[in-house]
Amino acid sequence: MQKRWVVKPKNDVKKTNKLRDELGVNSVIAELLLNRGISTFDTAKQFFRPMLDMLHDPFLMRDMEKAISRIEQAIGNKEKILIYGDYDVDGTTAVSVVYSFFRDFHSGLEFYIPDRYLEGYGISLAGVDYAAANGFSLIIALDCGIKAIDKVSYAKAKGIDFIIGDHHLPGDHIPDAVAVLDPKRIDCPYPYKELSGCGIGFKIIQAFIQKNAMDIQLAYQYLDLVAVSIASDIVPITGENRILTHFGLKKLNTNPNCGLQALINLSSNKTGQFSVNDIVFQIGPRINAAGRIEHAKDAVKLLISKSLQEAKDFSVTVDDQNNLRKDFDLKITEEALAIINNDEILKARKSTVLFKEDWHKGVIGIVASRLTEKYYRPTIILTQTNGHIAGSARSVIGFDLYEALSECSDLLEQYGGHKYAAGLTMSLENVPAFQEKFEQVVSSNIKPEMLQQEVLIEAELAFQDIDAKFYRLLRQFEPFGPHNEAPILLSRNVYGTGYVVGSNHIKITVHQEGVHRFDCIGFGLASHIDHINAGKPFDICYTIEENNWRGKKNLQLNIKAIRY
């Protein structure tokens, strides 16, 4: 599919030149900084030189004082505390961080992760009943609970207090808990609103340490787990998240948590430093697989391991579950693609809604993402589970999936999510009607340009401007991620030669004006190889990276799109 190239408008020339001169950088670096809201020497210094003492005071978060006082009371009275979290990477890392910290000086501690299939997302009645039956008087819920009004009331009637640490948008009412920690609360003055669920757990620890005059390094030892949560939960890597990720990656690459080290040993032959991208594609899926295939408590057991030897056994279990997840993922994706390819009506649609009763519920979200990448249109994958039809939905840039589901709500039992990802359930008899209505809603509301993948280009430059200093400065923009993406750059009228690798990728060498040659990799771009080798000029948009092959390092362009 040909991608739509969108070049960001240039910033005000006076602002660009002023920042360029203040920092002693070229105009492209100044443009990239302005695109990220950095317009002064001081803000640039903070961006390029993040420091842990830039983290906000945790007591700026509403209810933090109440939360810490209740935890201190529970520890002082030797109450049993249950650390409760969601079954994805963010939830399991959050539970692992808070549990690992408090277990060192409180013995009455357990953790609880709901069963994805039997209990579903968030606080469950079964979880509250477990706490009541086993004598827990305090539940600390992480990465969930902000809308669990009924469940918190149910727990209160059983004599169980709740502290909620969540980062999702609240509803119209806040649960009647002892403390509700969520920067997205309208009445919460906390300066940074985009923490992960594990980030909220970290702030609880930071606050406890601060109040009790403990060594802050006791909190910093968990920064690698916080970085894994930030990368895997796709939260913005800006502000406080960028600081936490910067130092979390340092710890991951020097002295990782035993569980993470065991996963790294199993999952990677990588010789260089782990990046956000490596977490997203190598570590995160393995942690997630536990909850998708068996039970997410296996992931927590791995991440709270006290020794590498202990972690090894759990890492093998989690890795086996991930291999099974990949098998399910591959099989279901192939089946889904075959259904579309063999049906001209489905091919021509502006949405994809597919149902097969035996597809594994734990991977339908992954399959929906893969099909969205392939056909670039709103996609829903449905399967049968516990007598209901469950679905996972993904959207494309600009199209509000949640709004589209709202228009189909008469056919749904329940649905939830946000603009680009959602979950839903319905009865079996409503599936055909839903497929038709969803297609009607999408066709009526989606704009043609939304059905073409966009490449957002930040700046144009000539090859002669790409040198060691430029790349050194570009590296300091890391860690890359949402709202701080690796800059995509544009160079025009380049020439190249190369060849196809694998089934659909290219390795080429390009040059501009006869000089400044760069090696390039281009994934999924094999259809362009004849034009490239014909000696005709073309334009490329790309990111710049360092290729490390057998100890030899050189700059490489990762081509995102080509046009003539």
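Remark: the Cα gyration tensor places region 490-540 in the prolate category, a/c being 1.5 or greater and a/b exceeding b/c. Footprinting exposure proxy ranking of 419, 306, fewest other C-beta atoms within 10 angstrom first, gives 306, 419.
Local charge for residue 24 was computed over the other residues whose Cβ lies under 14 Å away, with Lys and Arg +1 and Asp and Glu -1, and equals +3. Taking the convex hull of the alpha carbon positions in region 343-451 and averaging its projected area over all directions gives 6.2 nm². Peptide packing: for 319-325, 448-454, the average count of neighbouring Cβ atoms within 10 Å per residue gives the ranking 319-325, 448-454, highest mean first. For region 433-521, what log10 I(q)/I(0) values come out of the Debye formula at q = 0.20 1/Å, with one point per alpha carbon and no solvent? Log10 I(q)/I(0), no solvent term: -1.11. Using a cut-off of 24 Å between Cα atoms, the listed pairs 151/301; 80/193; 211/306; 347/437; 331/374 include 151/301; 80/193; 211/306 as exceeding that distance. Close amide H pairs (under 5 Å, H built 1.01 Å from N) link residue 165 with 141, 142, 143, 144, 181, residues at least 5 positions away or on another chain.
Which of the peptides 227-240, 154-167, 177-190 is most tightly packed, and how do the rest follow, going by the mean number of other Cβ atoms within 10 Å of each residue?
Highest mean packing first, the order is 227-240, 154-167, 177-190.
In whole Å, what is the distance between the alpha-carbon centres of region 435-462 and region 44-110? Answer, in whole Å: 40. Residue 490 sits among other residues whose Cβ lies under 11 Å from its own Cβ, and their net charge, with Lys and Arg +1 and Asp and Glu -1, is +1. So how do 298, 115, 176 line up by other beta-carbon neighbours within 10 Å, fewest first? With the sparsest Cβ surroundings first, the list reads 176, 115, 298. Here the convex hull built on the C-alpha positions of region 58-319 has a volume of 116 cubic angstrom per residue. Sorted on the mean count of surrounding Cβ atoms within 10 Å across their residues, most packed first, peptides 78-89, 28-39 read 78-89, 28-39. Could you work out [θ]222 nm for the chain from helices alone, using -39500 (n - 2.57) per DSSP H run of at least four and dividing by all its residues? Round to the nearest 500 deg cm²/dmol. It lands at -12500 deg cm²/dmol.
Across region 392-403, rounded Karplus estimates of 3J(HN,Hα) from the backbone phi angles (6.51 cos²θ - 1.76 cosθ + 1.60, θ = phi - 60°) give 10, 10, 9, 10, 10, 4, x, 9, 7, 5, 4, 5 Hz, Gly and Pro being marked x. With the convex hull of its Cα atoms as the shape, the chain has an orientation-averaged projected area of 27.4 nm².
Using the Cβ of residue 453 as centre and a radius below 12 Å, the other residues enclosed give a net charge of +2, where K and R count +1 and D and E count -1. Taken about its Cα centre, the chain carries a charge dipole of about 1500 debye when Lys and Arg each add +1 at the Cβ and Asp and Glu each add -1 at the Cβ.
Considering only the chain, what is the antiparallel percent among its DSSP beta bridges, to the nearest 5?
Working: 46 of 78 bridges.
In the chain, approximately 60 percent of DSSP beta bridges are antiparallel ones.
Values quoted throughout were computed directly from the atomic coordinates according to the rules given, and no laboratory measurement underlies them. Note that the structure is predicted; figures quoted are calculated from it, not measured. Neighbour counts are summed over all protein chains in view; Cβ atoms, including those assigned to glycine, are modelled from backbone coordinates with ideal geometry.
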